[in-house]
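Asks: This is the structure I want to talk about, given as structure tokens.
The values are calculated or read from the model by the stated rules, or taken from the named source; none is laboratory data. Keep in mind the model is a prediction, meaning the values are calculated, not measured. Cβ sites come from the backbone with ideal geometry, for glycine too, and all protein chains shown count toward neighbours.
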Amino acid sequence: MIDWLIRGPEIATCNCAYGCPCQFNALPTQGNCKASVAMRIDKGHFGEVKLDGLHWAGIFAWPGPIHEGHGEAQPIIDQRASPEQRNALLTIMSGQESMPGATYFQVFSSMIEKFHEPLFKPITFTADVENATGHFKVDGVVDSKAEPIRNPVTGEPHHAKLSLRKGFEFLAAEFGSSTTKTQGKIALDWSGRHAHLTMINITGQGIVH
């Protein structure tokens, strides 16, 4: 297996209610799972290929809970990436260079039956993980925003953080509210749904502790 690492902030949004039951091994709020995800790689490599400073994103949909499979995915790779970097990121996202069950790339990819042709486009990305605030956008493809959940009476930010003893994406994440709209192969359109922001630190062996 090729040695690789990616480290940096990630924003994930999905169509579940705040908190996302999937994080607790429960069924998704809507009965199906739809999601958008993006990350900035502050430090990363795939073998000898450096990945520092690049972004990747993905749009996903499953007709039921993720573990029942039959999903589809739209990979999106930073347009600035060289051919070698593009191949590295797509390989990481495919889960091919991960131990079984060790990373969310491997787990989710094993539940996907259709990968759409990857897009190579500019990805704008900002994230303040601690304050559950962020935004990523790929023109003509996806626009996702994350913000703190608001108290329905006072309007004040309501901050919630999940801590996991064991995970394949993160061990700690800030929960928030998302607004997501897509165009293209996979249609997403919602506001006031789940978001989580976290610092990814993962290799093909799993989360780096």
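Asks: Residue 18 fails exactly one of the following numbered conditions: (1) in contact (Cβ under 8 Å) with a residue 40 or more places away in the chain; (2) at negative phi; (3) buried (at least 22 other Cβ atoms within 10 Å of the Cβ). What is the number of that condition?
Replies: Looking at each condition in turn, residue 18 falls short on (3).
Conditions (1) over 25 Å from residue 5 (Cβ atoms); (2) buried (at least 16 other Cβ atoms within 10 Å of the Cβ), marked per residue:
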| residue | (1), (2) |
| --- | --- |
| 112 | no, yes |
| 122 | no, no |
| 148 | yes, yes |
| 161 | no, no |
| 164 | no, no |
| 169 | no, yes |
| 176 | yes, yes |
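Asks: Suppose the filter is under 20 Å from residue 40 (Cβ atoms), at pLDDT 95 or above and of a type outside the set (A, V, I, L, M); does residue 113 pass it?
Replies: Values: under 20 Å from residue 40 (Cβ atoms): no; at pLDDT 95 or above: yes; of a type outside the set (A, V, I, L, M): yes.
Considered against the rule, which asks whether it is under 20 Å from residue 40 (Cβ atoms), at pLDDT 95 or above and of a type outside the set (A, V, I, L, M), residue 113 comes out as no.
Asks: Count, please, the residues in the range 154-209 that happen to be under 26 Å from residue 119 (Cβ atoms) and among the acidic types (Asp, Glu).
Replies: Of the residues in that region, 2 qualify.
Asks: If we keep just the residues of the range 198-209 that are at pLDDT 95 or above and over 16 Å from the mean Cα position of the chain (by Cα), which is surrounded by the most Cβ atoms within 10 Å (Cβ to Cβ)? Spell out how you get there, then give the answer.
Replies: Keep residues of the range 198-209 that are at pLDDT 95 or above, which gives 198-208.
Applying the additional criterion that residues be over 16 Å from the mean Cα position of the chain (by Cα) yields 204-205, 208.
Values: 204: 20, 205: 14, 208: 11.
Applying the filter and picking the extreme gives 204.
Asks: Now, a different point. Just wondering, is there one or more residues in the range 187-197 that are at pLDDT 95 or above, among the aromatic types (Phe, Trp, Tyr) and either surrounded by fewer than 15 Cβ atoms within 10 Å (Cβ to Cβ) or within 21 Å of residue 9 (Cα to Cα) (or both)?
Replies: No, the range 187-197 contains no residue that is at pLDDT 95 or above, among the aromatic types (Phe, Trp, Tyr) and either surrounded by fewer than 15 Cβ atoms within 10 Å (Cβ to Cβ) or within 21 Å of residue 9 (Cα to Cα) (or both).
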